[in-house]
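Have a look at the structure below, then the notes.
The values are calculated or read from the model by the stated rules, or taken from the named source; none is laboratory data. The structure displayed is predicted, hence computed values, not measured ones. Neighbour counts run over all protein chains shown; Cβ positions are idealised from the backbone, glycine included. For accessibility, only protein heavy atoms count, side chains too; no ligands or nucleic acids. Shrake-Rupley method; radii C 1.70, N 1.55, O 1.52, S 1.80 Å.
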Amino acid sequence: MTLSMHRTLPADLKAIQDEMEGHAAAYGLDFFDTVFEVLDYDELSMFAAYGGFPTRYPHWRFGAQYDELMKGYSYGLQKIYEMVINTDPCYAYLLKANAITDQKLVIAHVYGHCDFFKNNAWFAHTNRKMLDQMANHAARINRYIDRFGTEVVEEFVDACLSIEDLIDPYLPHIRRRPAKVSQKKTEAEEPSRKQPMRFETRSYLEPYVNPPEVMSSLDDTPDQERAEHQRIPAEPQRDVLLFLLEHAPLKDWQHDVLSIIRDEAYYFAPQGQTKIMNEGWASYWHSTIMTRHGVTGPDLIDYADHHSGTMATSPQRLNPYKLGIELFRDIEERWNKGQFGPEYDTCDDIEKKENWDLELGLGRDKIFEVRRVHNDVTFIDTFLTADFCRRHRMFSFAYNDGSKNYEIQSREFDQIKQQLLNNLTNHGRPMIYVDDGNYRNRGELYLTHQYQGNELKLGEAQETLRNLERLWGRPVHIESVVDDLPTVLSFDGTDHEMVTL
Amino acid sequence: MPPGIERDVNRFKQIVRGKVRQNLRKYITQGEMIGRKGREAVSIPIPNIDMPHFRHGQKGSGGVGQGEGEPGQPIGRGQDPGQGEGSAGSEPGQHIREVEISLAELADILADELELPNIQPKGQDSIKSVKHKYSSVRQTGPDSLRHFRRTFKRALKRQISSDAYDPIRPVIIPTRDDERFRSWKDVSEPQTNAAVIYLMDVSGSMTDEQKEIVRTESFWIDTWLRRQYDGVQRRYIIHDAVAREVDEDTFYRTRESGGTRISSAYKGARIIIDRDFPPDDWNIYCFHFSDGDNWGEDNQGCLGILTETLLPVCNLFGYGQVQSPYGSGDFLRELKKIDGDWENLILSEIAGRDDIYDSIKQFLGTGR
């Protein structure tokens with residue numbers, strides 16, 4: 001398929017784009033050039049299934065997603081209005097069937113996203129030429145399929161995708177290891193191996209006074225110590241994919257496929273890390289631009305309808321659009337009025353606090369700064385306040401093992417915030433590290449799940465282990481907690497095992 | 001479908017079909033599909049089609065929500081898919097738990113797996129039906145058949161050429177001459193209709209378990225025959241000492257007590273055939289399920305009716321003997337006496353659910 005399905009934008013949409021771009025730029029939004037394309041729903045669904053890209057490597061999961069999107073659309077359950085991808089230039093796709101008011105809203109929204117992609121620090125290390133990169137990945141995997149056959153490659157891709165989220169999202173931002181491995185330690189620095197006691201003697205008497213067979217039989221204690229010393233990785237490593245790339249016995253093509261999967265996982269990671277902020281920021285700007293400039297008389301009802309539809313809240317699921325936009329507005333107001341800092345925080349007078357207004361007017365600057373440096377976790381950690389939670393009637397809920405229901409747990413600020421941070425940290429997914437690549441000195445792989453009160457889904461974890469074993473080629477283990485007891489799940493290529501520690 | 005995604009969608013469907021095929025024996029023996037039947041499709045729960053990941057389970061999970069409510073108030077069931085977990089809406093809905101598959105496709109899978117031959121409808125040349133095909137146009141006809149587009153086009157052409165067309169106010173008024181009507185041709189097509197008559201023994205010795213087996217088996221037979229024929233008509237007969245024609249629902253739910261006189265059912269089948277399905281126009285299928293516990297003196301009469309009136313007109317006569325704790329199973333032995341003379345008589349013994357699979361293969365494996 002050709003890389004670009006580019007069609008020129010119809011004149012009326014082009015006019016809207018120019019208008020919205022003008023407003024966005026006037027407010028100080030800073031974005032890459034943005035290319036809009038209008039698509040039918042099936043095309044848009046295809047792009048959505050492909051994560052926004054026109055060309056991906058062949059895989060059934062994209063087909064499954066497409067099938068689901070099309071079904072959801074034809075049953076009237078869901079509808080995608082727009083898609084935008086983090087590239088330079090930014091590509092944004094509009095649904096042809098959108099009413100003109102919707103297109104205005106969506107275009108304004110897209111400029112918010114584009115600004116966010118360009119300026120948020122967590123996107124700084126993403127590849128802005130990902131469109132080409134994805135096409136390149138597709139070409140490479142297609143080549144392997146031609147050479148080795150669909151099923152062989154697909155099976156391997158499946159195994160890789162099963163652990164694609166075992167990456168270290170902070171890796172692009174931190175140098176965890178020295179760039180170059182330092183020189184090997186000299187003999188002298190090496191901790192001396194414990195030697196069995198020898199009797200001093202003349203050299204020709206040595207074999208008789210200190211017989212070698214006796215000496216070697218005494219030399220068994222340091223085994224464990226030696227193993228400690230050669231531990232791989234030296235410290236628990238979160239980037240399991242990197243560890244596999246460096247240590248798993250992969251063929252060249254498999255190595256390449258795994259590196260492609262890892263590359264794409266890192267590309268998409270920041271979008272998961274900044275969902276609330278990104279959607280909140282884009283919503284803040286579509287709302288600002290539309291209400292001040294975009295909405296003309298007859299648009300008003302449609303705009304209000306769709307905006308409020310996007311902002312709908314539900315008890316079971318926090319709406320990232322809503323939470324994001326409200327937090328940005330809250331920050332803007334607080335910094336406009338100077339409601340921050342120790343003096344404000346320690347003030348006990350409720351009335352005084354409510355009417356606190358230093359007329360600083362710092363709000364706009366502050367939110368621009370926030371969108372530059374924060375991700376969802378730090379955003380919530382820094383700016384969620386008790387007052388905000390109360391105003392938005394937030395609560396935390398938890399699964400009740402007895403009644404098999406999710407139940408409201410608390411309306412206390414601390415608990416809500418803690419719960420929210422838990423859900424956001426690592427995407428609400430378990431933290432998993434490579435602990436030992438030479439477990440029991442048999443080349444087995446030992447992972448640990450950092451247990452934080454939430455157990456793994458057992459059956460799925462075992463299936464994942466099965467896939468991991470395919471990559472590692474030797475038995476694999478994961479230490480976790482099952483039914484409140486520390487447990488190791490293992491898979492040795494044929495059988496699953498579960499051992500309580 | 002956009003060309004790019006087509007390959008992936010096809011691959012996905014192929015995988016789904018593969019999974020169904022893998023689990024076909026289970027679906028068949030469990031009868032899981034029947035409850036999920038729609039008009040055209042069944043929805044099938046497919047295990048393990050999701051990509052497995054390390055994920056948190058429900059225990060110890062929670063989230064943050066917005067709205068009214070006191071602590072302790074339930075807000076959702078635990079098993080609801082996609083709810084509760086990853087509450088910030090970070091997880092896309094990737095729960096492919098049930099896929100829909102059309103009955104036709106299901107029949108194909110069944111055929112592949114059981115290696116069923118396609119049915120050769122009898123008398124393909126002799127049985128013809130006349131169909132109307134609307135393939136032409138003429139100048140007269142009823143308004144209901146007026147071809148709007150052609151009429152409009154002709155009127156437009158006429159008005160433009162006679163300079164009566166005003167682009168500012170483009171009103172087109174067709175005259176009698178402009179009008180065109182759809183017209184048909186008679187096409188004779190080979191008739192491929194099938195009539196299926198299900199007969200079931202509902203005497204006291206047939207328990208619910210046996211009926212469930214019959215139900216499952218007839219579902220698959222139906223699915224296959226529908227795939228093979230344009231139209232399938234079904235009739236149901238239950239019998240103990242006397243036979244009754246009933247509707248589908250009653251067929252599966254009736255429980256009678258009393259003796260068994262199979263000949264009554266065969267007579268009933270013959271009556272239905274004479275009344276509704278002239279054998280020259282129909283492909284006729286009979287499936288009889290019983291525990292084989294017939295009233296001894298009746299056996300000879302049954303064989304008589306079978307060989308004289310039913311077997312000569314049926315494409316297939318299937319007799320499935322369901323093992324029951326009470327039945328003696330004598331009837332099968334009787335039928336075996338004439339089994340060799342009639343190619344279209346198929347006998348099958350069904351000891352339990354696990355035999356359904358093979359029994360279907362026996363019935364449908366003949367290609368009749």
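If you go through the stretch B:49-77 and pick out every residue that is more than 7 Å from chain A (Cβ to nearest Cβ) and in contact with a Phe, Trp or Tyr (Cβ under 7 Å, 6 or more places away or on another chain), you end up with 0. Taken over the stretch A:96-121, the criterion of being at pLDDT 90 or above and among the hydrophobic types (A, V, I, L, M, F, W, C) is satisfied by A:Leu105, A:Val106, A:Ile107, A:Ala108, A:Val110, A:Cys114, A:Phe116, A:Phe117, A:Ala121. Being assigned to a helix (DSSP H, G or I), more than 21 Å from B:Trp295 (Cβ to Cβ) and of a type outside the set (S, T, N, Q) is a property that B:Lys336 lacks. Out of everything in the stretch A:382-407 that is closer than 14 Å to B:Ser61 by Cβ and part of a strand (DSSP E or B), what residue ends up being farthest from the other protein chains (Cβ to nearest Cβ)? Ranking the candidates gives A:Asn400 first. Cβ-Cβ distances below 7 Å connect no pair with a first residue in the stretch A:130-154 that is closer than 17 Å to B:Arg7 by Cβ and within 14 Å of chain B (Cβ to nearest Cβ), a second residue that is open to solvent by 40 Å² or more (accessible area, probe 1.4 Å) and part of a helix (DSSP H, G or I), and a separation of six or more residues or different chains. Among the residues of the stretch A:132-162, those that are at negative phi and of a type in the set (Gly, Ala, Ser) comprise A:Ala135, A:Ala138, A:Ala139, A:Ala159, A:Ser162.
This table checks each residue for (1) in contact with a strand residue (DSSP E or B) (Cβ under 8 Å, 6 or more places away or on another chain); (2) in the same structural domain as A:Glu369 (by TED's automatic domain parsing).
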| position | (1), (2) |
| --- | --- |
| A:Phe383 | no, yes |
| A:Asp387 | no, yes |
| A:Arg391 | no, yes |
| A:Ser396 | yes, yes |
| A:Lys404 | yes, yes |
| A:Gln419 | yes, no |
| A:Pro430 | yes, no |
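Listed here are the residues, each with its yes/no results for (1) more than 19 Å from the chain's Cα centre (by Cα); (2) at pLDDT 75 or above; (3) part of a loop (DSSP other than H, G, I, E, B).
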site	(1), (2), (3)
B:Gly18	yes, yes, no
B:Arg21	no, yes, no
B:Tyr27	no, yes, no
B:Gly35	no, no, no
B:Val42	no, yes, no
B:Met51	yes, yes, yes
B:Lys59	yes, yes, yes
B:Val64	yes, yes, no
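Of everything in the stretch A:449-471, what is part of a loop (DSSP other than H, G, I, E, B), facing chain B (nearest Cβ under 8 Å) and either at negative phi or in contact with a Ser or Thr (Cβ under 6 Å, 6 or more places away or on another chain) (or both)? Give them in sequence order. Matches in the stretch A:449-471: A:Asn454, A:Glu455, A:Lys457. Of the numbered criteria (1) over 24 Å from the mean Cα position of the chain (by Cα); (2) under 29 Å from A:Tyr399 (Cβ atoms); (3) surrounded by 16 or more Cβ atoms within 10 Å (Cβ to Cβ), the one A:Ile276 fails is (1).
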